[in-house]
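A short worksheet on the structure shown next.
The values are calculated or read from the model by the stated rules, or taken from the named source; none is laboratory data. Quick caveat, the model's predicted, so the values are computed rather than measured. Because the Cβ atoms are built from the backbone with ideal geometry, glycine has one as well, and the counts that use them run over all protein chains shown. Keep in mind that these areas ignore ligands, DNA and RNA; they rest on the heavy atoms of the full protein, side chains included. Shrake-Rupley method; radii C 1.70, N 1.55, O 1.52, S 1.80 Å.
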Amino acid sequence: MSSVVSDMHGARSEHARVKRMLPPVVRGLLWALIGFLVMNTLVSEVFDRMPYHPFITRASVTLGWVAAVGGWILGVGAWEGAVKPYLGYPEEWVVPQDWRKYFMYSTDHKVIGLQYIFSSLGGFLIAGFAAMLMRLELMKGQMWIFNNPGAYLSTVGVHGTVMMFSVGTVALVGGFGNYFIPLMIGANSTSFPRMSGVSQWLVPAGIATVVISPVLGQWTTGWRGYEPLAGQDPAGILFYYLGVFALTTSSLLVAINLTATILFKRAPGLTWNRIPMYAWGILAVSLLNLIWLPEIQMTFVMALLNAVIPLPYFAQIGSPLTYMEMFWLFGHPEVYIIVVPAFALWQEILPVMGQKSLFARQWGIIGLVFVMILSGLVWAHHMFTNMRNSQMLPFSFFTEMISIPTGFAYLVSLGTMWRANLKLNTPTLYTLMSMFNFLIGGVTGVLLADPVVNLQVHDSFFVVAHFHYTVIGAMVFSWFAAFFYWFPKLSGRMYNEFWGKVGAIWVFIAFNMTFGQFFFLGLHGMNRWVPVYPSYLEPMNFEVSLFAFLLGLGFVFNFLHIAWMWNKGPVAKDNPWQAKTLEWQTASPPGEQNFDPIPKVISGFYDYRDQRLPIRNSPQKEPTS
Amino acid sequence: MGDILAFTLVWILVSALGEIGIQSLIHHGVYYYTATTQALDGEAAFAFIITVLTPVFAFIVVMIGYDMIRFRSREPGMRPSPRQFYNNKVFVSIWILVSIALNLLFFVHPTASAVEQMFNSEKERYNRHDLIINVTARQWQWLFDYPQYNITQAQDANGNSILYLPVDRTVRFVLRSYDPMHMYDPYAGVIHSFWIPAFGVKQDIIPGETRYMYVHTNKVTSYNVDPMVRVQCAEVCGPGHPFMEAPVHVVSNVDFMNWIKQQQKLQAGQS
Amino acid sequence: MSEVTDQKASAPSFKQASTAKELRQNRFGLILFVTSQMVPYFMLINDRFVLADTYVSRRVDPLLGGFLPTLLLLLGVLPSWLAVRAIARNALLQMQRQLQLTGLLGVLALIVMVWPMFSHRYDAISPFGEIHLVSLGLGGFFTLAALFVLGSVLLRATKGVIGPQHYFSVEASAWVWTFNAIAWLVLYIAVYFI
Amino acid sequence: MSKTVDSEGRFHRDTDWQPGVFFGVLALVLLIGVAVLFGRFWIAGIFQKAFDRVPTQGTVHVFQFDYAYEPRHITWRVGDRVTIALRNMSDTHWHEMVIGRGYDTVPSAFGAIATQFKTDFWDGVPVRISNAHHVDNLVLNKARATFVGSKPNLATGGDFSPTLQPGGSINLTFTVPNKPGEWQYGCFVQQYMHYVAGMNGTITILPAK
């Protein structure tokens, strides 16, 4: 490597040979393997050697994982792209302009955005497969797919964790946020592109860690990884904590990057009054991420120490409820981390598809911000069954009050649609479905906020139905709305309207038939986290499973449609929806430079009184960055 | 104005239909099967909330549907709607006031009042003639002790734990999580949740703490009558969690005393 | 502000803030990150009272892992900001001296901070013992991170890619250092005195 | 990995890496991942059936984890002198090791649950018990035991079963009796749930040569 330093000053290298490099992902895997083996061996065989212990111990696997993730990140390109320049060496990482750019470290926000989108898509498919296995098992009251309950519970945990931390938290923020925020505010890059390039590669590492965790031992705690149960689980729980740590770190870095981008990279003329709704949503989410992700990371570090050393923080001699408190302190804001971008998307898509000015915009923003603030005050409604009765009322109060700012998202959306010229296409359909589903989630949320009702339906399938309505019903349906709405922008092509609508109606019906019946299962006494249950619940579970498979097929159908049209669809116009937001005022898909020159914004983006564009292409270029 | 009128009519119609449906659901019992007064309290709160929320639900659903049909674009391209407005102070004000009012109502009525009813009524029952049952949750078994009758670990013929309760009696469950048999580290207890679905209430059991749950049984029933009359662990507690179940029998006072005698005889024989 | 950089001819280096707006942006991003990292301290202090109340073991060493690292870290704040002033005046050598001094203090602080993790007189498996050890670990981790930032700046300084227009990395290391010193001070007070 | 020099004299890697290597390695890693996740016991079973018919001589270490044994399969030959070195590796749970075949069951709401084996492998087997540390209790049933060193706490009821506390250990030395065929071992503590949770294994006893 020393030759690089001397060659830096212009002299050509004597021994430069053209040799193909290893694909970065392969190199990352290799370095990860080496890192793991070296660190694991050092810890388990040298520093922490104990009689009778296997090669992989709790301590060694934890530190080995740290080394492996380091190796993976560096190997995939961060070594040349970020670390060496940081240490003062010249940057020597060139990303080719073909499909290869998606499989290596990159600093282009569009590449990173797509990498995030496909990472979260991968997580969605894996966790969805886990859900299918679970539904298959639940078709019978006895165990028949899994050969022991621990295997089923591990599957539940993998499903929940991957869905929450790599899809719910990532898909609309790291994915569509990274791709579209710079475009929507008229910038050519994000604020910290290198950091963004590194943070993306934590997502596949985190997903892989969580998915492979049962190999270390079945963990039975579900996605909360809750102590004190986790403290007596086999070592698989370690990979839960570590995997989530990687995923949350990634989201934390995204939050910092996008907040700084929105505040500092706006095009001239894009004043605070003109910030697009989606950017407002991302801003609100980023602030939530910045506060609550470090919180849960610290909790997980303590739980990890609890499992590795072990320190009995959360055991009976410690404080067994503290973990639950700390988890839900994060856990409820997490729910809003997931749906706030969905609300913002409704308010982004409906004015465009209705070709009508956004209704009561200020209330939409107030709604997003107050949801963000209140979300930190409601956590204990997850714990009505294990708290003192006197503590229930304040939390019940705030939980009920949060429906007011949430309602503003409906106020804005419904007001925008009233007397619009509404184009009933696939994105609109998904948006309306998302509104309908979240409404059911919200109404049942009011029921759950009531302590007396909560004491009966908590930890039953009623709750499972409720949060699937908010997460799949609102967020995943909005995610699909975003996929179809921005499809021409991402791919330069157009999806098929007919098959798009078929897919939308398909998943809508299957989704409601599946999770609508969950409410009744819960009320009828079906408890959570069980692969076996009394036989009277069998007929309904059997039938629900059939709808669940239909739902799974519906998702696969949609993805196949998207993939097919991405390659074969008819070429789309640059701005097929006649939208006014900035991302549509450039080529589809955008070139290497989003805007050249940077446009000057002269009016708001949600004014559809006429067809004038909200920008003027300014003659002076932005100072080169 | 015509749109508003038409929408209002549809909304009222759908709300009325919805209410009819909801009331018939409530009539059949949203909790499916109830066996305590606490379950009835919960069911009443549930019914009140869904009754009030039905018109709200209908308002939004009908509006989505109405917008979809009435204001859909009939042309192939995109064209700005001829009717543009940014705000409607009347609509926004009503919306905000109604949402605040509804939330305050819910907080006052089912939330605060039902919590009061469910828990504060216990106070006057303290030290009355409650049946005390010590419930011990351990991985993965329920153990029921009747200290007033010197019964430890009530069992059926197979050695499975069983819970017998007299009807029309307040029962005080004293809930603890630990392992009297020491099959695992006694300091490493986990959280369980004591739930009898037909009783309409559950309480988590925290290692190291003692918690109480009160119910007032109101009908003679048993696991054989309806499988919702069973103790079921509701908080995941390890691989044995789904199996942590025990049948419940609510019987007349005479039958209860007979059962007590039989258990006492059984225990005398064992020791 | 001029866009021409003194290194442009020699090497394409780590991108540095060259306009006032970019400097503000980088500073904002860094402060955002530092702010988010206060949350773990906040959690730990909370847990300290949840688990151990206000109990302080009488067998805990008041100096090692307590007063000494606090003093050393706080002392390091001064040279770290002097380094920022030095580089703003383009006094590269002076900046390096100041940073080396800070680094030396940091290494000493790290040693006296983690020492009690290996030799302590209280019971580790006790509410206070756990909290004390985790506090030391958290402080040690962030000190290590601050030292890493400092080291990388020093390394870059030797490569000559830091100048009066590109001094943000020096400022960043000072921010991180100051954050670490103050956060540890608060933790120290919470664990030992309240 | 070497570097090339572009026209401006800057260095960069040749980025034109091979898709074949990329997709090949990726597919291989995915395949290994899926195999390890879903089929590790199945694959291990095949390996054991194929290569592990050689009976174990001497000491076999049996580790008890929550809720599994390592190894999950043992092969012995009738007449060999062998030792089971049982170690409880759990930090929290008591574990036992019962060997037998057939089941005694108890009815439950979820169907019959196995409570112990019907036939006890240790019936009439002379066994030398040594190195007993942190043994919660030892049920001898009809085994003919001799003790070396400290004698563990003896209990009665059920099949022959040493129950170890966390970190406990015990060595059972015996001559493999003439009971050839497939045997199972398992842990039935905590309301028989360890067995349900997958804490079991198989023993193949080959007839004497």
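Just a few scattered comments:
- Net charge of the neighbourhood of B:Gln232, taken over other residues with C-beta under 15 Å away and scored Lys/Arg +1, Asp/Glu -1, is -2.
- Short-range pairs are left out: with C-alpha atoms under 8 Å and at least six residues apart, the relative contact order of chain A is 13 percent.
- Pairwise burial D:A, computed as accessible area of each alone minus the pair, summed, 1.4 Å, Å²: 4100 Å²
- In this simple spin-label approximation, B:Ala16 and D:Asn141 carry label points 7 Å from Cα along the Cα→Cβ vector, and these lie 7.5 nm apart.
- Accessible surface of chain D, 1.4 Å probe, proportion on carbon and sulfur as whole %: 58 percent
- Fraction of accessible area attributable to carbon and sulfur, chain A (%, probe 1.4 Å): 68 percent
- Between the C-alpha center of segment C:60-78 and that of segment A:430-492 there is a gap of 51 Å.
- Where a label projected 7 Å from the Cα of D:Asn153 along Cα→Cβ would reach, residues of segment D:80-101 with amide N under 14 Å: D:94-95
- Share, in percent, of DSSP beta bridges within segment B:34-176 that are antiparallel, nearest 5: 55 percent
- 1.4 Å probe accessible area per residue over chain B, in Å²: 43 Å²
- For segment B:92-113, accessible area lost to neighbouring protein chains reaches 10 Å² or more, against the chain alone with a 1.4 Å probe, at B:Val92, B:Trp95, B:Ile96, B:Ser99, B:Ile100, B:Asn103, B:Leu104, B:Phe106, B:Phe107, B:Thr111, B:Ala112.
- Helix C:168-192 axis, angle to chain C major axis (alpha carbon atoms, nearest 10°): 10 degrees
- Note on D:Lys151: lysines with a C-alpha under 20 Å away, same-chain residues under 8 apart excluded, are D:Lys142.
- Anchor B:Lys219: aspartates and glutamates whose Cα lies under 19 Å away (excluding residues fewer than 8 positions away in-chain): B:Asp41, B:Glu43, B:Asp130, B:Asp168, B:Asp255
- Residue-averaged 222 nm ellipticity for chain A, from DSSP H runs of 4+ at -39500 (n - 2.57), nearest 500: -19000 deg cm²/dmol
- Modelled label reach - C:Thr35, point 7 Å along Cα→Cβ, segment A:361-386 residues with backbone N closer than 19 Å: A:366, A:368-377
- Only protein heavy atoms count here, probed at 1.4 Å, and on that basis chains C and A bury about 3400 Å² of accessible area in total.
- Counting Lys and Arg as +1 and Asp and Glu as -1 over every other residue whose Cβ lies under 13 Å from the Cβ of C:Ser135, the net charge comes to -1.
- For segment D:55-206, the per residue solvent-accessible surface stands at 35 Å², with DNA, RNA and ligands left out and a 1.4 Å probe.
- Residues in segment A:442-462 that, when all protein chains are in place, have 20 Å² or more less accessible area than the chain alone would give (probe 1.4 Å): A:Val443, A:Val446, A:Leu447, A:Asp450, A:Val452, A:Val453, A:Leu455, A:Gln456, A:Asp459
- Working from Cα pairs under 8 Å separated by at least six residues, relative contact order for chain C is 34 percent.
- Area hidden from solvent between B and A (accessible, protein heavy atoms only, 1.4 Å, total, Å²): 8300 Å²
- Rg over Rh for chain A works out to 0.97, both radii taken from alpha-carbon positions and Rh defined as the Kirkwood radius.
- A Förster radius of 51 Å, combined with the Cβ-Cβ distance separating C:Arg24 from A:Leu550, puts the computed FRET efficiency at roughly 0.45.
- Helical segments meeting 20 Å axial Cα length and Kyte-Doolittle 1.0 threshold in chain B (DSSP H): B:2-28, B:37-70, B:89-106
- A:Asp610-A:Asp48 pseudo-label distance in nm [points 7 Å out on the Cα-to-Cβ vector]: 7.0 nm
- Extending 7 Å from Cα along the Cβ direction at A:Phe542 and again at B:Lys89 yields two label points whose distance is 6.3 nm.
- Taking the chain by itself as reference, segment D:26-44 contains these residues with an accessible-area loss of 20 Å² or more in the full protein complex (1.4 Å probe, heavy atoms): D:Leu26, D:Val29, D:Val36, D:Leu37, D:Phe38, D:Arg40.
- For segment A:534-594 and segment D:176-192, distance of Cα centres in Å: 53 Å
- Percent accessible area from carbon and sulfur atoms, segment B:132-196, protein chains only, probe 1.4 Å: 45 percent
- Note that segment C:63-176 presents 42 Å² accessible area per residue, ligands and nucleic acids not counted, probe 1.4 Å.
- Here the Kirkwood formula, the inverse mean of 1/r across different C-alpha pairs, assigns the protein assembly as shown a hydrodynamic radius of 33.6 Å.
- Rel. contact order, % - alpha carbon contacts under 8 angstrom, at least six apart, segment B:58-150: 12 percent
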